[in-house]
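Laboratory data are not the source of any read-out in this text; all were calculated from the coordinates shown. Only a predicted model underlies this, so the values are computations on that prediction, with no experimental measurement involved. A quick note on method: Cβ atoms are made from the backbone with ideal geometry, for glycine too, and the neighbour counts reach across all protein chains shown.
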Amino acid sequence: MQENNEGYKEVDLLVLGGGAAGMTTALVAALEGLDVLLAEKTDQVGGTMSTSAGTIWIPGNQQSREAGYQDTVDAARVYLDALIGTPDDTGIREVYLRTAPEMVEYLRRRSDVQFAPCGKHPDYRDMAGAAVAGRGLAPVTFDGRLLGKDFERVRPPIPEFMVLGGMMAGKSDIPRLINRFRSVSDFLYSGGLFLRYLKDRLRYSRGTRVVMGNALAARLYYSLKKNGVPVLFETQAESLFREDGRVAGALLRSAGSSLRVRARRGVVIATGGYGHDAELRRRCMPAPTPPYSLACAANTGDGIRLGLQSDGAIRPETQGPGAFWTPVSVLRRPDGSKGLFPHLSLDRAKPGLIAVNGAGRRFVNEADSYHDFVEGIYASHKSVPTMPAYLVCEADFVRRYGLGAVYPGTTDLSRAERSGYLVVAPTLQELARRIQVPEPAFAETVRRYNEMARLGTDLEFGKGGSELNRFNGDPEQKPNPCLRPIEHGPFVALAVWPAEIGTSTGLVSDADGQVLDGQGRPVGGLYVAGNDMASIMMGTYPGPGTTLGPALTFGYRVARHAAGVSAATRKQSSTVSMA
Ligand SMILES: Cc1cc2nc3c(=O)[nH]c(=O)nc-3n(C[C@H](O)[C@H](O)[C@H](O)COP(=O)(O)OP(=O)(O)OC[C@H]3O[C@@H](n4cnc5c(N)ncnc54)[C@H](O)[C@@H]3O)c2cc1C
């Protein structure tokens, strides 16, 4: 970063937002030789990514192929076309499919941003071109000690995703921790994790063995540091300024003072969408606007507003809801703060759980993806109050599989009940009374469900009917891994509400992330990536990693476009720019 003779700081590229898209853009730009400055609003990097599962959806990626999972970009194209329904007129989906595997290989070769194949991790809909394995990649576990004291600069995961107040457990750790008293190897494995954690706590505020989205955030930040990219914390753009018709920089507010930064190659908006902006929520989401958001609290639509002020256009989803949904349950934490638990994959699909609306009726395939489950809530809510909906099961279900923030193995539900998190009742009639749904309808719902569970076929909603359903079910449960009768009390209910893991309405861009105006012309010098960019998925959620895959891929494309290194690709992409 230089200071020019007018007192401006001057860089090649100014990136606003230190989350998934912003850090990827800054990293790739630095690797391509640009002088980059990253401005982050809070005192930590990572944004929503650091609280996420960190999976990226990369059809046709080389690492999965090397691991023996066959998948192709061609099949993924068929799948996306079928799922999204509208043609890929602008070619931006095609550019995503072509660039995503290249982006992963680039980061693998040139940085510490490393992924490993998830293996089996089905796409979220059984349709032509869908894959059961090979498309999901997960960040490799990271040792936070490599960052030294800067480890504290990585936003932590939500407390509900940590055990003992600060130890992360990845998807593969969970069964081993649960089985620690049943198998010697799991006991030793779990003991090793606990010992490491105790040692960590002597020096750090949480465990340094980080996994999932937190590993991705830490890996990106570690790579930025290795490449000497400065991060200005507690800094946000107040406005953008133009020179010769192009966006040429930004006026930043940093630690109480103003800083004018000129950016020779452009400014990148990557501030994570509008999850915490009430007005944009009302404008872009369906009514009633969901009361909860899992987005990083700093994501208040700043980037989208800056883009609009600079003549950029916003694309309301022509199809879909403006967000990537998940159901959440709401809990009171021991310190009195409110926690949101996302019901992504651990409980809904398991056998012996149904979801009911205010009429005491089922309304959705409970094992469908988190996004589709909430679409089900909205559809039902048109005629029957379904906010909240209730997940209903036996207390024994909670002991086996856990329910939301109540871990598997829990036999005493009294604490969760006292805190108001769970509703527990000895009989189904009493449960219906306590959650205020009509008793006869509720009894009939459970009776009918039990009949189908004994049969092994959900004739009403098809629970257990898709690859995804069965993947998240219990393989020990035969014949249908997602169905078991609900018959022995005590019975449990848990309220769930619609919320989002990220917003999807954003600034329209071309395939290099150049922000476009209302006439489809690039706003010179202004780029966008991540959830500030209009999602290419058009309101659908195809598979694991649907938001981070594009955030990283378009971040990569923005950086390479700004660096002028992808001339061939650029020529191609300009012919497929969004009109
Ligand atoms: C529980 C959970 C699980 C998830 N799992 C997955 C998953 O496995 N795969 C997947 O694809 N997606 C997942 N997601 C969604 C994913 O995390 C987000 O969609 C993604 O992080 C968005 O990336 P982003 O860069 O746009 O925003 P973020 O990662 O949220 O980063 C935005 C950054 O911008 C900063 N910022 C905000 N305003 C300003 C400003 N004015 N100036 C400077 N900085 C600013 C914020 O502080 C933040 O650091 C999950 C989300 C949650 C909550």
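Per-structure values
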item	result
Burial ordering of Leu459, Leu251, fewest other beta-carbon atoms within 10 Å first	Leu459, Leu251
Point-to-point label distance, Gln519-Phe194, nm (Cα→Cβ direction, 7 Å offset)	6.8 nm
Nearest 10 degrees, 0 to 90: helix 184-203 Cα axis against the chain principal axis	50 degrees
Counted charge near Gly129, where neighbours are those whose Cβ lies closer than 15 Å (Asp, Glu -1; Lys, Arg +1)	-4
Area projected by the alpha carbon convex hull of the chain, averaged over all directions, nm²	25.8 nm²
Sum of side-chain charges, Asp277 neighbourhood, beta-carbon under 11 Å (Lys, Arg +1; Asp, Glu -1)	+2
Trypsin sites (Lys or Arg not before Pro), loop per DSSP, at most 13 other Cβ atoms within 10 Å - longest free stretch of the chain	183-381
Extended-chain gain in nm, criterion 0.36 nm per residue less alpha-carbon gap, Glu460 and Ser172	100.4 nm
Residues Trp325, Trp497 arranged by fewest to most Cβ contacts within 10 Å	Trp497, Trp325
Mean projected area (nm²) of the alpha-carbon convex hull when the range 58-154 is viewed from all directions	7.7 nm²
FRET efficiency estimate (nearest 0.05) - Cβ-Cβ, Arg282 to Gln62, R0 56 angstrom	0.80
Sorted by Cβ density within 10 Å, fewest first, the residues Val492, Val446	Val446, Val492
